[in-house]
Amino acid sequence: MSENSNQFLDALKQMQGVEVGDIVDVEVLDIEDGQIDVGVENAGVEGVITRREYTSDRNADLRDLVKPGDKFKALVLRRAGGDKENGEFFFSVTRLKEREAYDKLQKDFEDGNAVEGTVTSSVRGGLIVDVGTRGFLPASLISNRYVSDLKPYIGKTMKLKITEIDPNKNRLILSHKDLVEEEREEAFDKVASQLVVGDVLEGKVSRLTNFGAFIDVGGVDGLVHISEISYKHVDKPSDVLKVGQDVKVKVIGIDNDRHRISLSIKQTEPSPFEQATADLNEGDIFEGEVKSLTNFGAFVEVADGIQGLVHVSEISNKHVDKPSDVLKVGQSVKVKVLNIDPSDRRISLSIKAADSNASSENHNSRPRRSRNENSVNKKYMSDNDNGFALGDIIGDQLKDRK
């Protein structure tokens, strides 16, 4: 073909308006192995669409997808390079769809909208997701929990948030974790607004960890720390609980800033202290065993694992310098209950008030303490020293009671 003829064809093409980057209407002329021959409508221009430029399925048979006479839009990709190629242009349907998809995704990204995509495969570090175009979902953004196995996600349709988009680099980063966190916060606000500390409700164990159990309460997970599972010692939550188990829990804390609900299983049940003192009343007199001696008094066993304190001033009507001067560990003594404090789980006892030889005033009524004695009692009864808080009294005894 002469140079003048080539110039004429180029000029004709310009007049027909077919340029690289244009979106044109094409009609299928023929289907060959691995490509589709097409013609641009009302332009007299022909070209080809390869399999990869029509579908993402590399094994697809094009004859199953199109037939002669089919019409659709395509992107003018580039000019043909020589006589070996049929037609004058290469066209692409997949890249046109990607361009259109990116336009929509860009708007969704700017508006903060969630998008829906299907996981097509897994790669090192994450998942490949079809959202109209190819997107990448990093493993760290799949869930708000650690995900070790990616295979179960293949084929699933997921709602996602766009965290990064760059059409020029074909870069699209997606996140399911962000959406989970948003939904979790919304659910937390709804549930937490209906709860107050002290509420007792039914829940279901959703998962177990080494440090506690997560309980589903109305669609939101609250945490029962391992220390709040039982009054007995628990080595592992899985030793006493299982996923799916129905449990009764008490709300012991609500953190609106961190979106956390703290729960307790053991506080829905009577404590060992409450069980031991259920039939114990102020004024009762009984025999007890001295379990330990301190400078400020003697601890006497009230029930199995539960002890009360006889302050040094309540040991005898006579002055006592040190409890060990008149008492010894293992000794059986008669004591009178002066006070039971359920909130602090403390029991105050008196030996001298239980002494049948004591004066009627001391035997029938609680001895009146001096101002100095009351101040001393407040000191040794505080949680900051070796008083008789339940944890100090029981020690490790509950660990063996299972």
(Q) Using amide H atoms built in the peptide plane, which far-off residues or other-chain residues are under 5 Å from N339 H to H? (A) S348
Q: Search the structure for amide H atoms under 5 Å from the amide H of V302, placed 1.01 Å from N in the peptide plane, and list their residues when 5 or more places away or on another chain.
A: Q307, G308
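Over 27 Å between Cα atoms: which of K97/K161; K97/K159; K204/K236 fall into that group? Intermediate results must be reported in sequence, preceding the final value.
Details: K97/K161 20 Å; K97/K159 20 Å; K204/K236 18 Å.
Checking Cα-Cα distances, every pair stays at or under 27 Å.
Among 214-223, 18-27, how do they line up by average Cβ neighbours within 10 Å per residue, starting with the highest? Can you show the working numbers first?
Details: 214-223: 19.4, 18-27: 15.2.
Top of the packing list down: 214-223, 18-27.
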Q: Could you order K336, K107 by accessible surface area, starting with the largest, using a probe radius of 1.4 Å?
A: K107, K336
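Can you tell me how much longer the chain between K159 and F286 gets when fully stretched, taken as 0.36 nm per residue apart minus their C-alpha distance, in nm with one decimal?
Details: separation 127, 0.36 × 127 = 45.72 nm, distance 6.81 nm.
Gain on extension, K159 to F286, equals 38.9 nm.
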Q | Amide hydrogen neighbours beyond the local backbone of G212, cut-off 5 Å, H modeled | A | I226
Q. Where in region 111-211 are there chymotrypsin sites (Phe, Trp or Tyr not before Pro) that are in a DSSP coil and have at most 15 other Cβ atoms within 10 angstrom of their Cβ?
A. Y146, F211
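Pull out the extension gain between R95 and N339, defined as 0.36 nm times the separation in residues minus the alpha carbon to alpha carbon distance; nm, one decimal.
On the way: separation 244, 0.36 × 244 = 87.84 nm, distance 8.31 nm.
79.5 nm is the gain from fully extending R95 to N339.
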Q) Along the Cα-to-Cβ line of S140, 7 Å from the Cα, sits a label point; which residues in region 149-163 have backbone N less than 16 Å from it? A) 163
Q) Using a Förster distance of 51 Å, how high is the FRET efficiency between A43 and E202, based on the Cβ-Cβ distance and rounded to 0.05? A) 0.10
Q) Given the C-alpha centroids of region 214-234 and region 131-187, what is the distance between them in whole angstrom? A) 30
Q. Which trypsin sites (Lys or Arg not before Pro) in region 218-290 pass both tests, a DSSP loop state and at most 14 other beta-carbon atoms within 10 Å?
A. K232, K242, R258
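Quick one: accessible area per residue over region 149-294, 1.4 Å probe, rounded to a whole number of Å²? Please list the in-between numbers first.
On the way: 8320 Å² over 146 residues.
Averaged over the residues of region 149-294, the accessible area is 57 Å².
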**Q.** From phi via Karplus (6.51, -1.76, 1.60), per-residue ³J(HN,Hα) for region 284-293 in Hz, x at Gly/Pro
**A.** 5, 10, 7, 8, x, 9, 5, 9, 7, 10
Q) Once phi is turned into ³J(HN,Hα) by the Karplus curve 6.51 cos²θ - 1.76 cosθ + 1.60 with θ = phi - 60°, what whole-Hz value does each residue of region 199-216 show in order, with x for glycine and proline? A) 4, 10, 9, 8, x, 10, 5, 9, 6, 10, 10, 5, 9, x, 10, 9, 10, 7
Q) In whole Å, how far is the Cα centre of region 31-71 from that of region 256-272? A) 65
Q: Would you mind computing, in nm to one decimal, how far apart the modelled labels at H233 and E186 are, each placed 7 Å from Cα along Cα→Cβ?
A: 4.7
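The values are calculated or read from the model by the stated rules, or taken from the named source; none is laboratory data. Just so we're clear, the structure is a prediction, and the values are computed from it rather than from any experiment. Note: ideal-geometry Cβ built from the backbone for every residue, glycine included; neighbour counts use all protein chains shown. Surface accessibility is based on the protein's heavy atoms, side chains included, excluding ligands, DNA and RNA. Shrake-Rupley method; radii C 1.70, N 1.55, O 1.52, S 1.80 Å.
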